[in-house]
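Everything below concerns the one structure shown next.
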Amino acid sequence: MKWTDRIRQVKIILVVTAVLIAVASLFVSHYLVRDLSIEERHKMEVWAEAMRSFNMADENTDLNLVLKVIDENNTIPVIVMDKNGNATTFRNIKLEGADYEDSLRNAGILGQKMLAAGNAIKIYLDEEGKGEFINVCYDDSVMIKRLSSWPYIQLGIVMVFVVIAIFALLTSKRAEQNKVWVGLSKETAHQLGTPISSLMAWTEILKETYPGDELLPEMDKDVKRLQLIADRFSKIGSLPELVPSSLNEVMNHVVDYMNRRTSAKVKMVTDFPDEDIIADINAQLFEWVIENLCKNAVDAMEGQGRITLRVRKEDNKAVVEVADTGKGIRKKDLRNVFTPGFTTKKRGWGLGLSLAKRIVEEYHRGKIFVKNSELGKGTTFRIELKL
């Protein structure tokens, strides 16, 4: 549990760091764009003053510097409008129109928007500054617009990259876990095979030597149980064969097994329908899942309480529920109950529920989850299978 908490803390730190970097990037970009906008306004003030000098020029005025200032503006969109709101000229703007007059009308509409946005400089055409005037309306240059949008594009690219990287890491981690599962399961089945075969042979010899011994049938059951466990492990890693099976019968097998292996203080309660519910399952592996849930329930109840097994049909699904009256699961631990290595037991390995999830979801194409859990009252696990 400490390991999963540490992993969660690392994830939170990484997310917070990414958010801080993103916010810092946006702030830096904002201040950069603001400074460039101020600089462009200063340029437009100089350009507007050049337009004023051009309009007030006479035959003795040297226009070389004025024309140079006007012609050097090749980036900032500008629309010059008279006092009546009509466009008289425009620069660095592409406008659609049948002719120049039509383009001026379109420029006038765009200039009104610039004027309303406050991107305009009023220039009086007389010395006193009270008579005729023009409005030099302007917009942000293409460079500023690109700089304004670039941080969001950059963040989008980074987020896509992060998502792909996380997906690749999770896929790689899952593949590695699968290899560990398969290798461990196959090796366990292989190691169990030889002693089980030997035990089976010795059991047969004992049956012939002591045919009336009452303990031999129980020994034979235990040996067959070991053989069943080895067979289950051998099926991990290969796609098991699913055959139509009665869920009522499978659940009754589990109840019989748990009644023989638990104390009388644990009461097994069944809630099965009168008619069989048939689903495509691998009976051995599915029994393993239910046994794991029941064993966890016994541990949660500390050997005393009630386990309720329910089977029913809902719409197009077969539903199996395992409910206990144990100590329950904390809300913050619910998301990790199926994570390999997570356990609340002092001596647990945290593999049972992870294996159950693998069997149900990967092999049976079903779904397993915690339906509800309340501290001090118990937990209910729910399995859904397609019919």
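All conditions in (1) open to solvent by less than 40 Å² (accessible area, probe 1.4 Å); (2) more than 21 Å from residue 45 (Cβ to Cβ); (3) hydrophobic (A, V, I, L, M, F, W, C); (4) assigned to a loop (DSSP other than H, G, I, E, B) hold for residue 93, with the sole exception of (2). Restricting the search to the stretch 279-313, which residues are free of Cβ contacts under 8 Å to residues at least 60 places away in the same chain, open to solvent by 40 Å² or more (accessible area, probe 1.4 Å) and farther than 16 Å from residue 240 by Cβ? Within the stretch 279-313, 295, 296, 299, 302, 304, 306, 310, 312 qualify.
Consider the stretch 371-383 and keep the residues that are in a strand (DSSP E or B), surrounded by fewer than 19 Cβ atoms within 10 Å (Cβ to Cβ) and not polar (S, T, N, Q). The one that is nearest to the chain's Cα centre (by Cα) is 371.
Here is a yes/no grid of residues against (1) on the phi < 0 side of the Ramachandran plot; (2) in a strand (DSSP E or B); (3) polar (S, T, N, Q); (4) touching a helix residue (DSSP H, G or I) at 6+ places or on another chain (Cβ under 6 Å):
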{"position": "293", "(1), (2), (3), (4)": "yes, no, no, no"}
{"position": "299", "(1), (2), (3), (4)": "yes, no, no, no"}
{"position": "306", "(1), (2), (3), (4)": "yes, yes, no, no"}
{"position": "311", "(1), (2), (3), (4)": "yes, yes, no, yes"}
{"position": "326", "(1), (2), (3), (4)": "yes, no, no, yes"}
{"position": "357", "(1), (2), (3), (4)": "yes, no, no, no"}
{"position": "369", "(1), (2), (3), (4)": "yes, yes, no, no"}
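Conditions tested, residue by residue: (1) assigned to a loop (DSSP other than H, G, I, E, B); (2) among the basic types (Lys, Arg); (3) closer than 30 Å to residue 153 by Cα; (4) open to solvent by less than 50 Å² (accessible area, probe 1.4 Å).
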{"position": "22", "(1), (2), (3), (4)": "no, no, yes, yes"}
{"position": "33", "(1), (2), (3), (4)": "no, no, yes, yes"}
{"position": "43", "(1), (2), (3), (4)": "no, yes, yes, no"}
{"position": "58", "(1), (2), (3), (4)": "yes, no, no, no"}
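Taking residue 249 as the residue in question, decide whether it is open to solvent by 80 Å² or more (accessible area, probe 1.4 Å), modelled with pLDDT of 85 or more and not in a loop (DSSP other than H, G, I, E, B). Judged against the criteria, residue 249 is a match.
Yes or no, residue by residue, for (1) open to solvent by less than 60 Å² (accessible area, probe 1.4 Å); (2) aliphatic (A, V, I, L, M); (3) at pLDDT 80 or above:
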{"residue": "168", "(1), (2), (3)": "yes, yes, no"}
{"residue": "172", "(1), (2), (3)": "no, no, no"}
{"residue": "175", "(1), (2), (3)": "yes, yes, no"}
{"residue": "188", "(1), (2), (3)": "yes, no, no"}
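Within the option set 206, 228, 216, being open to solvent by less than 50 Å² (accessible area, probe 1.4 Å), in contact (Cβ under 8 Å) with a residue 12 or more places away in the chain and more than 17 Å from residue 292 (Cα to Cα) holds for one residue only, 216. Working only within the stretch 252-270, note down all residues that are surrounded by 12 or more Cβ atoms within 10 Å (Cβ to Cβ) and part of a strand (DSSP E or B). Correct list: 266, 267, 268, 270. Residues of the stretch 202-228 that are among the polar types (S, T, N, Q) and closer than 22 Å to residue 188 by Cβ: 203, 227. Tell me which residues, restricted to the stretch 96-136, are open to solvent by less than 40 Å² (accessible area, probe 1.4 Å), more than 55 Å from the chain's Cα centre (by Cα) and at negative phi. If the condition is that a residue be open to solvent by less than 40 Å² (accessible area, probe 1.4 Å), more than 55 Å from the chain's Cα centre (by Cα) and at negative phi, then 123, 131, 134 are the ones that fit. When the residues of the stretch 60-90 are filtered to those that are buried (at least 16 other Cβ atoms within 10 Å of the Cβ) and free of Cβ contacts under 8 Å to residues at least 40 places away in the same chain, the one that is farthest from residue 131 (Cα to Cα) is 73. One residue alone among 347, 330 is at pLDDT below 85 and open to solvent by 90 Å² or more (accessible area, probe 1.4 Å), and that residue is 347.
Anything in the stretch 315-329 that is charged (D, E, K, R) and touching a residue at least 12 places away in the same chain (Cβ under 8 Å)? List them, or say none.
317, 321, 324, 327
Residues being of a type in the set (Gly, Ala, Ser), free of Cβ contacts under 8 Å to residues at least 40 places away in the same chain and part of a helix (DSSP H, G or I) are represented in the stretch 110-129 by at least one member. Within the stretch 256-308, the residues that satisfy the criterion of being in contact with a Phe, Trp or Tyr (Cβ under 8 Å, 6 or more places away or on another chain) and hydrophobic (A, V, I, L, M, F, W, C) are 285, 293.
The values are calculated or read from the model by the stated rules, or taken from the named source; none is laboratory data. Given the structure is predicted, the values throughout are model-derived calculations rather than measurements. So basically every Cβ, Gly included, is an ideal-geometry build from the backbone, and we count neighbours across all protein chains shown. Just so you know, the surface numbers come from the protein's heavy atoms only, side chains and all, with ligands and any DNA or RNA stripped out. Shrake-Rupley method; radii C 1.70, N 1.55, O 1.52, S 1.80 Å.
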